[in-house]
Amino acid sequence: MTQILIPLKQHVGAPCKGIVKAGEIIKRGQLVAEPNGLGANIHSSFSGKVVDVSEENVVLMIDEEQDFSSYLPIPETDTMIKAVEEAGVVGAGGAGFPTFLKLACDIPEGVFIANGAECEALLAHNVKQMDEHIDQLIRGMKYCMEMTNAPKGVIAVKGKHRSLVVRLLKASSKVANIEVYQLPDIYPAGDERMIVREVMDIVLEPGQLPTEVGAVIDNVETIKRIAEAIEDRKPFIDKDVTVSGRVKQKETVFVDVPIGTPVKTLINNVGGYVEPHGEIVIGGPMTGRSGEETTPITKTSGGVLVAMPFPQEHRKVGLLICECGGSAERMTEIVNNMGAEVVAAERCKRMVEVNGRYRCALPGICPGQAKTVMSLKKQGAEVVMTGSCSD
């Protein structure tokens, strides 16, 4: 028998509250936790027996035989947006914001944008989803346009995916009010403010939300989960994941991985590690976090990336911090794993403080950092680590 963890925090907001008890037999698709404030429903992706319910996880001892083709459907609802809420859909691109709240707006003169940027390097599951299920993408967009009263829909995808772009253009040409926009191949092309700037030619101020200019943006996989909730009454219990890096079968996309699956299972399924290997990164290479073999897949896990071993570095390090890449905490973790010491930290000069949080003024347009680097040097830094800046 295998033990599985279903995390109770898979979204923005507080951890959910478990509604099942130890010893209870549950089925795949069964509701196991409800929001405790801002959050989203969590359902079991496996059938089995509840071993424990803590503040962090529902712990399951799963049945030896699993039928992943079936699930308990969500209740019937009067509206599509209520189905999205019941299904526990959140932003699958990594943000994890409850989707029903994002869709609960009225933009009769605005635009709904499907974010297919596949922002970070190595990740490929959104492109695969678009390539193989264009019809579902367009249906999902129509649902979202109806829920938000958006008169126009746009599929934002990097122009470098030429064959996909051609197929999207052909499919969208048969649908009224849906078109394709080709994004540049830069980082962070998937940032919502950058997408608004590209698609709508509007520069959002730091802290300003897309809805303030009549835009609602959802990740391609999020739209997939919206369509499943509405059409199939399926809760958000499976996740598309890219596995790459120091593994034997690179850039492998796993479709509909049951949430709670340990990442080691996916690594084993691509032939295991290429030695030597370093840490496991959950997410993308720029904004991902360090994980373990036992780390469970969640609603926001887009990638499982196996890195090289950390190079050893003994010079003193200065951190150049930006909103678009690794956080100060993540970069400090990397420096420590390299055996080095952080002696100084500075923010990118694009960053401005909004409501106690530092935001990038122009995502994707990186400034020169000579003055910032000189400041780090004066504070004793011999080398600089930066999150994502191109200069």
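The values are calculated or read from the model by the stated rules, or taken from the named source; none is laboratory data. Note that the structure is a prediction, hence the values are computed from the model and not measured. So basically every Cβ, Gly included, is an ideal-geometry build from the backbone, and we count neighbours across all protein chains shown. We work out accessible area using only protein heavy atoms, side chains counted, and drop any ligands, DNA or RNA first. Shrake-Rupley method; radii C 1.70, N 1.55, O 1.52, S 1.80 Å.
Pop out the carbon and sulfur fraction of the accessible area of the chain as a percent, whole number, probe 1.4 Å.
Numbers: 8770 of 17570 Å².
Using a 1.4 Å probe with all protein chains present, the chain comes out at 50 percent carbon and sulfur.
Starting from the Kirkwood radius over alpha-carbon pairs of the stretch 61-112, derive D by Stokes-Einstein at 37 °C in a medium of 0.692 mPa s and give it in µm² s⁻¹.
240 µm²/s
Which of the three applies to the stretch 114-227, rounded, prolate or oblate, going by the alpha-carbon gyration tensor with a ≥ b ≥ c and a/c under 1.5 meaning rounded? Working shown, then result.
Details: a/c = 1.56, a/b = 1.12, b/c = 1.40.
Cα axes put the stretch 114-227 in the oblate bin.
Please give the Cα centre distance for the stretch 315-386 versus the stretch 70-100, rounded to the nearest Å.
37 Å
Would you mind checking which residues have amide H under 5 Å from I178's amide H? H placed 1.01 Å from N; only 5 or more apart, or other chain.
Here G153 satisfy the definition.
Two-decimal Rg/Rh of the stretch 51-204 from alpha-carbon positions, Kirkwood Rh? Present the calculation step by step, with values, prior to reporting the outcome.
Working: Rg = 17.9 Å, Rh = 17.6 Å.
Rounded to two decimals, Rg/Rh equals 1.02.
Using helices alone, what [θ] at 222 nm do you get for the chain, with -39,500 (n - 2.57) per DSSP H run of 4 or more residues, divided over all residues and rounded to the nearest 500? It would help to have the intermediate numbers written out before the result.
Values: 10 runs with 94 residues, N = 391.
After summing the helix terms and dividing by residue count, I get -7000 deg cm²/dmol.
In the stretch 175-279, how does Rg compare with the Kirkwood Rh, expressed as the Rg/Rh ratio over alpha carbon atoms? Working shown, then result.
Values: Rg = 18.3 Å, Rh = 17.1 Å.
Over the Cα atoms of the stretch 175-279, Rg/Rh equals 1.07.
With a 10 Å cut-off between alpha carbons and a GNM built on the chain, which of P367, P235, P151 moves the most?
Residue with maximal mean-square fluctuation among P367, P235, P151: P367.
To two decimal places, what compactness ratio does the stretch 333-391 give when its Cα radius of gyration is scaled by 2.2 N^0.38 Å? Intermediate values should be presented prior to the final figure.
Numbers: Rg = 12.7 Å, N = 59, 2.2 N^0.38 = 10.4 Å.
Compared with the compact-globule rule of thumb, the stretch 333-391 sits at 1.22.
Counting only heavy atoms of protein chains, what accessible area per residue, in Å², does the chain have with a probe of 1.4 Å?
Details: 17570 Å² over 391 residues.
Result: 45 Å² of accessible area for each residue.
How are the alpha carbon pair distances in the stretch 171-226 distributed across 5 Å bins from zero to the largest one, expressed in percent?
Final binned percentages: 4, 16, 23, 25, 21, 9, 2, 0.
Looking at the stretch 159-238, which trypsin sites (Lys or Arg not before Pro) are in a loop (DSSP not H, G, I, E or B) and have at most 15 other Cβ atoms within 10 Å? Walk me through the numbers before you get to the answer.
Values: sites: K160, R162, R167, K170, K174, R193, R197, K224, R225, R233; in loops: K160, K174, R233.
Passing sites in the stretch 159-238 are K160, K174.
Could you check which residue among I230, I365, I138 shows the biggest mean-square fluctuation in a GNM of the chain with a 10 Å Cα cutoff?
The residue that fluctuates most here is I365.
Using a Gaussian network model on the chain with a 10 Å cutoff between Cα atoms, which of F68, F112, F254 fluctuates the most?
F68
Of (i) 62, 58, 45; (ii) 66, 53, 36; (iii) 63, 52, 41, which is the value of Cα extents along the principal axes in Å derived from the coordinates here?
Checked against the structure: label (iii).
Putting +1 on Lys and Arg Cβ atoms and -1 on Asp and Glu Cβ atoms, find which of P363, I62, I19 reaches farthest to the positive end of the dipole of the chain.
Highest projection toward the positive end goes to P363.
What is the set of long-range amide H partners of A345 at a cut-off below 5 Å, with H atoms built 1.01 Å from backbone N?
L319
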